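Notes follow once the structure below has been shown.
Computed from the coordinates by the stated procedures, all read-outs in this text should not be read as laboratory data. On a predicted model such as this, the values are computed, not experimentally measured, just so you know. Positions of Cβ are generated from backbone atoms using ideal geometry, with glycine treated the same way; all protein chains shown enter the neighbour counts.
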Amino acid sequence: MKYTISYSAFAKAVLTTAFFFISQFILAHSITGFVKDDNGQPLKDVYVLHAISGNHTHTNAKGFFALDNVERGDELRFSHLGYEAGSVIITDENTVLQITLKAASLDLEAVTISNDVETLNVLANVDLQINPVTSSQEILQKVPGLFIGQHAGGGKAEQIFLRGFDIDHGTDIAINVDGMPVNMVSHAHGQGYSDLHFVIPETINNLSFGKGSYDETVGNFATAGHVDFRTKNYLRENKIQYEIGDFNHQRYLGMAQLVDNANTSAYIATEFLTFDGPFDSPQNFDRINLFGKLNYTADNGDRFNVSVSHFDSKWDASGQIPQRAVDSGLIGRFGAIDDTEGGETSRTSVVANYYKDVSDKETIHANVFYSHYDFLLFSNFTFFLEDPINGDQIRQQESRDLFGFKGDYTYRTQLGENKLNLKVGLGLRNDRTEASELSRTLNRRETLENIQLGDINETNSSAYVGAEFFVDRLLITSGLRLEHFNFNYQDALQTTFETQSQTATALLPKLNFDYKINNNVKVYLRNGIGLHSNDARVVLENSADKILPKSYGSDLGTIWKASDNLVINGALWYLFLEQEFVYVGDAGIVEPSGETERYGFDIGFTYQLSDYVFLDSNLNYAHARAINEPDGADFIPLAPEFTSTGGISLKNYKKFNAGLRYRYIGDRAANEDNSIVAESYFVADLNVNYDLTNNLRLGMAIQNLFDIDWNETQFATESRLANETQSVDEIHFTPGTPFFIRGSIQYTF
C-alpha cells in the first residue's frame, strides 16, 4: 500500500511544527521578582530554581532576581538558609513577583553548591548564627584556621595567626567593616595594626572572607587573606542585656530600632564593658561603644546607608612575662615584672554606602569613610636589658585622621549564550598621622628619650578591572589591580625641617577557575599576586628596596555536599613572599627578613545531625620557611603549623541554645633554629542559653571549661631582670584565661 502526502499537507505540517516551536520560544518569558523576609527586608543569595528545566539563579542585595525561559504554569522554588522554602506557580508572565520567606530553623539542606555563591562564607555565617559571640575580635575566628591572642590588656588589638603567618596585628590580612578599612598603615605599634574593638558584635549581620590574594577588589595586606564585616541594616527586635562574671567582668548592651517603615530604618546600639582579668595586678579595663545606622531605600530602588560609631577604652596590663621568673617563684603565672604597662585608644568613624541600579544590567556602588583615631600604649618587652636603672618601658602614640572612598561599576551582559559580568573600580585612602611617637619612659610619667617622633602622610590610590565569564558549569574570573602609594614623613627630631617623600606602584593580576561538577560538587583553582606595604618611616629612613613586596599564591580546592546535611571542604595551597616583615616593637621598625614560602592544606566539614544539632570542625596545616637560610635555621618564628577549631552546637531545642567549642594550636618554632618552642594548647569553651519566655533569655558562658594552664601568646625574647647580670633569651608569655564563668540576662521587645 502506498501513502502519498500532498505538497499542501506537507507545508501545513511544517508550518504547524514551526509555529509550535516559535510559540514556545515567544511564550517563554523572563520572569523577574523580589524576595523579602517577613519584616519586609530584601534577602540576598536566595536560591531560585525553575522546577522543570533545573535552571536557577540567586537574588542580589536588593532581593531581585530574573530567570529566563519561564512559561505560564511553571513552578519556581525559593530557598535560603534560615528560612522556610517556598514556591509559586506562574499565572502571568508579565507580573513582577513579590515573594516573602518566613524565618525558620537553620537547615543545611538549603545550602547549595554554586558558582554564584561562596559556600564557605555561607557556612561561616551559619556558625555565626548558631554560636553568637560577645567580642568583635572573636568573630574573626569564624574564619576557619584563624586564631587570635591577647597579650597586653583587653584594649590592645589581638595578635592574629592564619595560614602559617604570625600576622602580628594585621600585616598580612586585610580587614574591613562596611567598606571601611580597619588596618592602620604606618601605625605607631606596627604596620597594619587592626583593632576591631570599635565594633559591637551584635550589630554584625554577616561576614565574608577569602584566603590568599585572589580577589581584585581587595588590595593592601591581603596576602594570607581578607575578612569583610557587614553590619545590620535593621533590628528584628530591640534588646537589653546584662552580663556579670568572674574577674569583675560586667557588660551592658542596649539596641533599639528608632525608625522602621517601608523606605527607612534606623537603630542605635551601645555597649559598656569592664574587666580586671585574672592577673595579680588588675587590668582595670573599661570600654564604651556607641553605634547608629540609618538605611534608606528610595521608591526607584536606590539604597543608601550611613553609620556613625565611637569607642573609647583604657586599660592596664601585665605584659608578657619570662618563663624563668615563674619557674623560680619570683612571680606567679598571673604576676608581672612591670605592671605599669597599658594604654588608651579611641576611634570615631562615619561610613556611607550608596547603591544604584542604573538599569537591569548596570549597578553602581559608592563607599565613603572617615575616622579620627587616637592611640597611646605603654610596653616593656625587655625589662632592664637596655637601661638597668630605669627599665625599658616605651611609649607609643599617635593621632590620626583617615579618609577615603571606593566606587565600582558592574555591567552584566552575554557573550554568545554565556553570561559575562564586568566590573571596574576606583579607590583612594589618605592617612594623616600627627606626632607618631616612640619614646623611652619611666612609670608612664617621665619621658627619658625620644626615639621616633614625626608626622606621616600616606596616600594609597587604586584601580581594578574584573570579569566573570560563565561557560556552562565553568566560571572563569580574571582581574587586574593597580596600587599606587605616596609616602611622606616629617621627622620632628631633625634640627631642620624636611619632608621626606617616596612613591611606589604595583600591578596585581588574578585568575580563578570554578567548575561545578554536579549539584553537589565544585572544584576550584585560585591564582593571584598580592602585596603588603611597609611602614612609611622604614621606607623613607632606611631606603628600603622592598617598599611593596609581593605575594604569589595558588589554591586548589573542592566543596562537596556529601548529603543533604553534610558539607565537606578541602584545599591545597602555596604562597611565596618576596619579603617577610618582622615588627621590632622596642625599635619602632618593621624589619625585612627575606623571601619566604608556605604551603599546606585546609580541610573541614559542617554536619547537621538533626533539626537542632550541628557539628563542625576544621584542620589546617602550614609549612612555613625562609628560603635563603640554611636548613635548620630557616624557621619563621611563631608561624603556626597545625591548628584546628570546631565543636557541637544545639539550636532552638525546647527553648535551649548551647555550644561546646574547642580550639587547638600545635607546638611552633619561636625562633629561627627552633631551639625555643612556643607550646601548644587545647582550650574548650561552653555556652548555654534558655528562653524563659518569648522575651526573656538567661545565659551562661564558661571559658576554659577544663581549667588548663595555657599560654595565650608566646614570644622568644631576650631580656634581663633587675637582679640579673646577664640577659636570657627564652619564652615570654601572656597566660591564658583560667576557668572563667559569666552569666547573662537578656530582654527583647
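Points worth noting:
- Zero-based 10 Å bins, Cα pair distances in segment 113-270, whole percents: 10, 36, 34, 18, 2
- With the charge dipole of segment 138-748 set up from +1 on Lys and Arg Cβ and -1 on Asp and Glu Cβ about the Cα centre, the Cα lying farthest toward the positive end among the listed residues V582, P322, L692 is that of L692.
- If R0 equals 56 Å, the separation of the Cβ atoms of Q414 and F656 corresponds to a calculated FRET efficiency of about 0.65.
- From most to least packed by mean Cβ count within 10 Å, the peptides 177-185, 467-475, 616-624 give 177-185, 616-624, 467-475.
- Segment 127-173: C-alpha gyration tensor shape, a/c 1.5 cut-off, then a/b vs b/c: oblate
- Listing E386, E243 from fewest to most neighbouring C-beta atoms within 10 Å gives E386, E243.
- With R₀ set to 30 Å, the beta-carbon distance separating N695 from R444 gives a calculated FRET efficiency near 0.05.
- Exposure proxy order (Cβ contacts within 10 Å, fewest to most) of R429, R324: R324, R429
- With both labels modelled 7 Å from their Cα along Cα-to-Cβ, the L474 to Q490 distance reads 5.7 nm.
- On full extension, the segment bounded by N39 and H623 gains 205.4 nm, given 0.36 nm per residue less the C-alpha separation.
- Nearest-ten-degree value, helix 119-130 long axis tilted from longest Cα axis of the chain: 70 degrees
- Taking a straight Cα-Cα cut-off under 20 Å and skipping sequence neighbours fewer than 8 places away in the same chain, the aspartates and glutamates within cross-link reach of K510 are D116, E118, D172, D215, E216, D228, D408, E468, E483, D555, E578, E597.
- Reported label for calculated Rg and Dmax of the Cα atoms in Å given [x] 28.6, 94; [y] 29.7, 104; [z] 28.1, 122: [z]
- Cα centre as origin, Lys/Arg/Asp/Glu Cβ charges: segment 620-749 dipole, Debye: 1380 debye
- Reachable lysines, given that their alpha-carbon falls under 30 Å from the alpha-carbon of K651 and they are not under 8 places away in the same chain: K36, K44, K62, K102, K142, K211, K232, K239, K293, K522, K561
- Computed from the C-beta positions of L572 and Q257, the FRET efficiency with R₀ = 35 Å rounds to 0.15.
- Cβ-placed point charges (K, R +1; D, E -1), dipole of the chain about Cα centre in debye, nearest 20: 3220 debye
- Projected label distance in nm at L556 and A435, using a 7 Å step from Cα toward the beta-carbon: 5.6 nm
- Packing rank of 364-374, 641-651, where each peptide gets the mean count of other beta carbons within 10 Å, highest leading: 641-651, 364-374
- Rounded to the nearest 20, the size of the Cβ-charge dipole of segment 119-264 about its Cα centre is 160 debye, with Lys and Arg at +1 and Asp and Glu at -1.
- As a length-normalised measure over Cα pairs under 8 Å and 6 or more apart, the relative contact order of the chain settles at 10 percent.
- Residues within the reach of a label modelled at L507 (point 7 angstrom out along Cα to beta-carbon, backbone nitrogen below 17 Å), restricted to segment 452-477, are 462-467.
- Simple spin-label estimate for K356 and F403 gives 2.2 nm between the two label positions (7 Å along the Cα-to-Cβ direction from each Cα).
- Folded to 0 to 90 degrees: helix 7-27 orientation relative to the chain principal axis, Cα: 30 degrees
- M180 long-range amide H proximity, modeled H, under 5 Å: none
- Percent of beta bridges antiparallel (DSSP, the chain, rounded to nearest 5): 95 percent
- Charge dipole (segment 138-748, unit charges on Cβ, about Cα centre) - positive-most of A626, T717, Y354: Y354
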